């Protein structure tokens with residue numbers, strides 16, 4: 001069995017990934033269960049796996065280099081899937097040092113352990129935010145990403161460069177995946193689709209920044225998990241940056257309308273001005289993912305919203 005270490009493995013993407021990988025692999029999860037949102041949500045995400053003999057959980061912070069070294073020394077890790085990070089564009093503007101520590105320094109700590117313990121493969125969660133306010137109609141991996149407009153985006157771009165350095169120096173194979181607005185079951189409560197669903201269900205107003213024309217390439221969780229697993233298995237080239245998007249950009253107004261239709265309720269709009277760090281659009285070019293990974297997103301936005309609402313209602317989230 002392959003042993004895969006997932007950082008941030010109790011979170012939204014990480015817990016869904018662990019569920020799928022546990023079918024054929026041993027999984028080690030590192031998560032610090034911080035209070036960015038209610039830690040009880042993460043506890044619920046993983047509780048069904050805690051008795052699985054192929055699942056091991058470490059409650060630890062990646063900034064603690066001694067503890068991280070202990071984890072690597074105790075386990076024969078084959079592959080690292082590095083999902084952990086301080087998330088969110090707007091909070092990163094308020095506290096950029098936290099993002100530098102938790103995203104850049106934490107990634108460095110992992111890479112140093114990988115070198116020390118001869119772990120030769122990482123799949124890294126980057127972000128579409130690295131593209132900033134790109135003027136291109138489609139965001140492709142060869143575009144310039146040296147002009148990030150938030151500390152969060154800057155840290156992701158910096159990590160991509162650091163990964164290349166360690167690949168070059170120590171022959172670590174890397175697939176850096178630029179995720180485009182992931183949504184679905186277990187989505188973080190601070191993210192728009194989850195937040196809007198809850199507020200509309202409660203007959204409360206939803207904060208809408210701008211005129212509703214901003215556009216996002218929403219990507220359903222099952223498609224993201226499939227892309228990550230394909231990246232774990234990918235071995236044809238030693239370093240790649242690859243977009244994972246939904247292939248169906250949707251405006252903010254359209255997103256709200258789909259949630260309204262799925263809930264059978266009308267949203268009360270609290271219109272606000274655009275906020276610093278927000279980008280106007282994200283539109284993923286996924287030709288490279290199709291070619292290298294066989295990536296083919298299956299879930300339309302309408303179907304994804306319907307699935308999310310079903311999960312939301314079945315979990316009594318209010």
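In the range 19-35, which residues are surrounded by 15 or more Cβ atoms within 10 Å (Cβ to Cβ) and in a loop (DSSP other than H, G, I, E, B)?
Residues satisfying the conditions are 22, 32, 33.
Yes or no, residue by residue, for (1) more than 30 Å from residue 233 (Cα to Cα); (2) surrounded by 22 or more Cβ atoms within 10 Å (Cβ to Cβ); (3) at pLDDT below 95:
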site: 162; (1), (2), (3): no, no, no
site: 173; (1), (2), (3): no, no, no
site: 183; (1), (2), (3): no, yes, no
site: 192; (1), (2), (3): yes, no, yes
site: 210; (1), (2), (3): yes, no, yes
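Residues checked against (1) free of Cβ contacts under 8 Å to residues at least 40 places away in the same chain; (2) more than 21 Å from residue 160 (Cβ to Cβ); (3) surrounded by fewer than 24 Cβ atoms within 10 Å (Cβ to Cβ):
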| site | (1), (2), (3) |
| --- | --- |
| 205 | no, yes, yes |
| 214 | no, yes, yes |
| 228 | no, no, no |
| 238 | no, no, yes |
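Only one of 259, 241 is farther than 21 Å from residue 38 by Cα, modelled with pLDDT of 95 or more and part of a strand (DSSP E or B); which?
Going through 259, 241 in turn, the sole match is 241.
For the range 297-318: of the residues being without any contact (Cβ under 8 Å) to a residue 24 or more places away in the chain and assigned to a loop (DSSP other than H, G, I, E, B), which is surrounded by the most Cβ atoms within 10 Å (Cβ to Cβ)?
Per the stated criteria, the residue is 315.
Which of the following residues is under 30 Å from residue 300 (Cα atoms) and either surrounded by fewer than 20 Cβ atoms within 10 Å (Cβ to Cβ) or out of contact with any helix residue (DSSP H, G or I) (no Cβ under 8 Å at 6 or more places or on another chain) (or both): 143, 177, 169, 105?
None of the others qualify; the one that does is 143.
Given the condition touching a residue at least 24 places away in the same chain (Cβ under 8 Å), out of contact with any helix residue (DSSP H, G or I) (no Cβ under 9 Å at 6 or more places or on another chain), assigned to a helix (DSSP H, G or I) and closer than 27 Å to residue 147 by Cα, answer yes or no: does some residue in the range 265-283 qualify?
Within the range 265-283, not a single residue is touching a residue at least 24 places away in the same chain (Cβ under 8 Å), out of contact with any helix residue (DSSP H, G or I) (no Cβ under 9 Å at 6 or more places or on another chain), assigned to a helix (DSSP H, G or I) and closer than 27 Å to residue 147 by Cα.
Could you please give the count of residues in the range 152-166 that are in contact with a helix residue (DSSP H, G or I) (Cβ under 6 Å, 6 or more places away or on another chain) and closer than 25 Å to residue 216 by Cα?
Residues that pass the stated criteria total 7.
From 79, 4, grab the single residue that is more than 28 Å from residue 192 (Cβ to Cβ), surrounded by 23 or more Cβ atoms within 10 Å (Cβ to Cβ) and in contact with a helix residue (DSSP H, G or I) (Cβ under 7 Å, 6 or more places away or on another chain).
Only one candidate qualifies: 4.
Let me confirm something: among 286, 256, which residue is over 19 Å from the mean Cα position of the chain (by Cα) and buried (at least 19 other Cβ atoms within 10 Å of the Cβ)?
256
Here is a yes/no grid of residues against (1) surrounded by fewer than 21 Cβ atoms within 10 Å (Cβ to Cβ); (2) within 24 Å of residue 289 (Cα to Cα); (3) out of contact with any helix residue (DSSP H, G or I) (no Cβ under 7 Å at 6 or more places or on another chain); (4) without any contact (Cβ under 8 Å) to a residue 12 or more places away in the chain:
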{"site": "67", "(1), (2), (3), (4)": "yes, no, yes, yes"}
{"site": "75", "(1), (2), (3), (4)": "yes, no, yes, no"}
{"site": "85", "(1), (2), (3), (4)": "no, yes, no, no"}
{"site": "112", "(1), (2), (3), (4)": "yes, no, yes, no"}
{"site": "130", "(1), (2), (3), (4)": "no, yes, no, no"}
{"site": "147", "(1), (2), (3), (4)": "yes, yes, yes, no"}
{"site": "150", "(1), (2), (3), (4)": "no, no, no, no"}
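Considering the range 36-59 alone, what residues qualify as being outside any helix (DSSP H, G or I), touching a residue at least 40 places away in the same chain (Cβ under 8 Å) and over 20 Å from residue 110 (Cβ atoms)?
Once the filter is applied, which keeps residues that are outside any helix (DSSP H, G or I), touching a residue at least 40 places away in the same chain (Cβ under 8 Å) and over 20 Å from residue 110 (Cβ atoms), the range 36-59 yields 37, 38, 54.
The values are calculated or read from the model by the stated rules, or taken from the named source; none is laboratory data. Values in this document were obtained by computation on a predicted structure and should not be read as measured data. We place every Cβ from the backbone using ideal geometry, glycine too, and count neighbours over all the protein chains shown.
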